[in-house]
1. Looking at L168, L226, L172, which is the one that is in a helix (DSSP H, G or I), touching a Lys or Arg at 6+ places or on another chain (Cβ under 7 Å) and of a type in the set (A, V, I, L, M, F, W, C)?
2. Does D94 satisfy the condition of being within 15 Å of the chain's Cα centre (by Cα) and not β-branched (V, I, T)?
3. A107: surrounded by fewer than 19 Cβ atoms within 10 Å (Cβ to Cβ), closer than 24 Å to H233 by Cα, among the hydrophobic types (A, V, I, L, M, F, W, C) and under 19 Å from the mean Cα position of the chain (by Cα), yes or no?
4. Does at least one position in the range 133-143 carry a residue that is part of a loop (DSSP other than H, G, I, E, B) and loosely packed, with under 14 Cβ neighbours inside 10 Å?
5. Among the residues in the range 200-211, are any of a type in the set (A, V, I, L, M), over 14 Å from the mean Cα position of the chain (by Cα), assigned to a loop (DSSP other than H, G, I, E, B) and within 22 Å of R59 (Cβ to Cβ)?
6. Out of S202, S166, S237, S216, I need the residue that is among the hydroxyl-bearing types (S, T, Y) and either more than 30 Å from S24 (Cβ to Cβ) or without any contact (Cβ under 8 Å) to a residue 12 or more places away in the chain (or both). Which one?
7. Taking the range 22-44, which residues are of a type in the set (S, T, N, Q), in contact with a helix residue (DSSP H, G or I) (Cβ under 9 Å, 6 or more places away or on another chain) and assigned to a strand (DSSP E or B)?
8. Can you name every residue in the range 45-86 that is part of a strand (DSSP E or B), of a type in the set (A, V, I, L, M) and surrounded by fewer than 15 Cβ atoms within 10 Å (Cβ to Cβ)?
Amino acid sequence: MKWLKLALAAAVIATPSVAMARWSLGVGASYSPEVYKDTRANKVVIPIIGYEGDHLYLRGYDAGYSIWKQDSPHNLVFRLAYDPRTLKPSDSDDPIIRQLDRRKSTALGGITYQYINQELGKVEFTLAGDVMGVHDGLYAETVYKKPFQSTRWQLTPSIGYAWNSSKLNNHLYGVSQEEANRISGIDAFSPDGDGQFFVGLSGMFYLSRHIVAMASGRYTNLEGDLEKSPILHSTDSFSFMTGLVYTF
């Protein structure tokens, strides 16, 4: 599974927007541990492209358009994001995993409600769904962020919960009856709607007027039915991203 791409996307999204910047170009390095059994941890260098307008933004794999200006206390944001989570069975050394069906990537489209308070922080509620017919699942997330900043740096801790519908969970973590019938040593597994808790920390530092260093990390813990999935290496993980961008 190319979780490193998801980790990088989440890190870029979590990174605070650079004040007065419209475009940002740079390079980032991402680490994400193995998720499926006997797959490798991923370490990859990926280019970073971003755009921040009054209403429109592009942050890695996530694009959105807000009804009101982005710094408004209340806002609704229409979003489209590439979800690169995949399982390529040949990437695993486990003989059972290698016989599973491939899990394909897709795109998620949805809407986010944002509340911003300068003293209390930022709260977001998101509802999105598969727009390419890969699994027809739904995704919901609630997250709280509280930025701390000075003139040259900003640090933003976050905490939240993400929920997947049963269709999305079966696509990512399930074992179909057809797979169980043809693969010796594994039983069918069909999880209900469940999700994961996460905590994160992102930061940025101005090296100069236009050059910004940034980093982001997230710890995730799957819960409920997902903890019983027979194809997962672990139900908790830590992903990390760092990057350097030029803003203009």
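1. On the way: L168 fails: touching a Lys or Arg at 6+ places or on another chain (Cβ under 7 Å); L226 fails: touching a Lys or Arg at 6+ places or on another chain (Cβ under 7 Å).
Being in a helix (DSSP H, G or I), touching a Lys or Arg at 6+ places or on another chain (Cβ under 7 Å) and of a type in the set (A, V, I, L, M, F, W, C) holds for just one of L168, L226, L172, which is L172.
2. no
3. Details: surrounded by fewer than 19 Cβ atoms within 10 Å (Cβ to Cβ): yes; closer than 24 Å to H233 by Cα: no; among the hydrophobic types (A, V, I, L, M, F, W, C): yes; under 19 Å from the mean Cα position of the chain (by Cα): yes.
Here the answer is no, as A107 does not meet what is asked.
4. Here is the first cut: in the range 133-143, the residues part of a loop (DSSP other than H, G, I, E, B) are 133-137.
After this cut, where a residue has to be loosely packed, with under 14 Cβ neighbours inside 10 Å as well, the list is 133.
Yes, because at least one residue in the range 133-143 is part of a loop (DSSP other than H, G, I, E, B) and loosely packed, with under 14 Cβ neighbours inside 10 Å.
5. The first filter runs over the range 200-211 and keeps only residues of a type in the set (A, V, I, L, M), leaving 201, 204, 207, 211.
Among the residues that remain, those that are also over 14 Å from the mean Cα position of the chain (by Cα) are: 204, 207, 211.
This time we only want the ones that are assigned to a loop (DSSP other than H, G, I, E, B), so: 207.
Subsequent filtering for residues that are within 22 Å of R59 (Cβ to Cβ) retains 207.
Within the range 200-211, one or more residues are of a type in the set (A, V, I, L, M), over 14 Å from the mean Cα position of the chain (by Cα), assigned to a loop (DSSP other than H, G, I, E, B) and within 22 Å of R59 (Cβ to Cβ).
6. Values: S202 fails: either more than 30 Å from S24 (Cβ to Cβ) or without any contact (Cβ under 8 Å) to a residue 12 or more places away in the chain (or both); S237 fails: either more than 30 Å from S24 (Cβ to Cβ) or without any contact (Cβ under 8 Å) to a residue 12 or more places away in the chain (or both); S216 fails: either more than 30 Å from S24 (Cβ to Cβ) or without any contact (Cβ under 8 Å) to a residue 12 or more places away in the chain (or both).
Unique residue meeting the criteria: S166.
7. Kept after step one, since they are of a type in the set (S, T, N, Q), are these residues of the range 22-44: 24, 30, 32, 39, 42.
Now narrow it down to the ones that are in contact with a helix residue (DSSP H, G or I) (Cβ under 9 Å, 6 or more places away or on another chain): 30, 32, 39, 42.
Answer for the range 22-44, where residues must be of a type in the set (S, T, N, Q), in contact with a helix residue (DSSP H, G or I) (Cβ under 9 Å, 6 or more places away or on another chain) and assigned to a strand (DSSP E or B): S30, S32, N42.
8. Here is the first cut: in the range 45-86, the ones part of a strand (DSSP E or B) are 45-52, 56-59, 62-66, 74-83.
Add one more test, that the residue is of a type in the set (A, V, I, L, M), and what stays is 45-46, 48-49, 56, 58, 63, 76-77, 80-81.
Result: V45, I49, L56, L76.
Bear in mind that the values in this text are calculations on the coordinates, not laboratory data. Owing to the predicted nature of the structure, the values given are computational and were not obtained by experimental measurement. When we count neighbours, we look across all protein chains shown, and the Cβ atoms used for this are built from the backbone with ideal geometry, even at glycine.
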